[in-house]
Amino acid sequence: MATLDELMFTRAPTARRPLLGLTVLVVEDSRFASEAIRLMCLRSGARLRRADSLENARRHLAIYRPNVLLVDVGLPDGSGLSLLRMLAAATPRIEVLLGMSGDDHAHDVIAAGADGFVAKPVDSLLGFQTAILENLPKERQPATPRAVSDETIRPDLVAYRDDLHHIAQVLDDTDEDDTLDYITQFLGGVARSAKDHDLDAAVTNLIRLRRAGQNAGPGVIALSQLVQTRLAAGGPL
């Protein structure tokens, strides 16, 4: 006998739950960004699976076949573009391939074979649904007009703190340029998603110092201190 979960995800999409019946795999190392996408999937009727790295994404894909792949361009073990290229050429192909980033990687994502680009922060329910639905085959779309809701999704700050704890550990190893690349990419996206303008400014300052060929040490120290201040305070001030 089919379980309630299996019955739910074989039902046809509806106006209020236009992604019902779809499974979304999000490849995203930020807990805060992943939580926003989880809430959007919940409101839209989609089932969500998450991988926090390219390695874990490949493990998921060896077992499961999602309808939608949403992959961050910057991941701890490489670029999400490599995963998009691989899956764009695969047969059978995942129905919807989307890349996302807080930086302007739209051209790179489309060149990798993706169907679309999603700019971070991903906080608009309408934008999230549209990015998926406009690339789905017609037979997979709701038969009736969608009940439009441009709700802004705000994840719990517990996920934000998890991201800060993660990056505080990474900040202990800042000798390599690749590590600093990852720190600024990750923390910049988290800061913008959480609307933490001071943290975003500290990330921007570190990027500026590095691009100008200046000593990045003061920028790293300032960023690390601000992360610790946020952790002590429980979130953005």
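Details
- Excluding exposed DSSP-loop GluC sites (Glu not before Pro) (at most 16 other C-beta within 10 Å), longest clean stretch of the chain: 1-133
- About the Cα centre, charge dipole magnitude for the range 27-88 (Lys/Arg +1, Asp/Glu -1 at Cβ), debye: 360
- The mean accessible area for residues of the range 44-115, using a 1.4 Å probe and ignoring ligands and nucleic acids, is 45 Å² per residue.
- Within the range 3-107, percent of DSSP bridges classed antiparallel, to nearest 5: 10
- Coordinate range of the alpha-carbon atoms in the range 101-237 per principal axis, descending: 56, 36, 20 Å.
- Counting only DSSP beta bridges whose two residues both lie in the chain, roughly 15 percent are antiparallel.
- On the chain, 51 percent of the accessible area sits on carbon and sulfur atoms, based on a 1.4 Å probe.
- Counting only trypsin sites (Lys or Arg not before Pro) that DSSP places in a loop and that have at most 16 other Cβ atoms within 10 Å, the longest clean stretch of the chain runs over 94-194.
- Leu75 long-range amide H proximity, modeled H, under 5 Å: Gly80
- Zero-based 10 Å bins, Cα pair distances in the chain, whole percents: 7, 31, 33, 19, 7, 1, 0
- Solvent-accessible area per residue for the range 186-227 (1.4 angstrom probe, square angstrom): 48
- Computing FRET efficiency as 1/(1 + (r/R0)^6) for Ala212 and Ser53, where r is the C-beta to C-beta distance and R0 is 45 Å, gives about 0.90.
The values are calculated or read from the model by the stated rules, or taken from the named source; none is laboratory data. Remember, predicted model here, so these are calculated numbers, not experimental data. Because the Cβ atoms are built from the backbone with ideal geometry, glycine has one as well, and the counts that use them run over all protein chains shown. When the accessible area is computed, the model is the full protein with side chains, heavy atoms only, and any ligands, DNA or RNA have been set aside. Shrake-Rupley method; radii C 1.70, N 1.55, O 1.52, S 1.80 Å.
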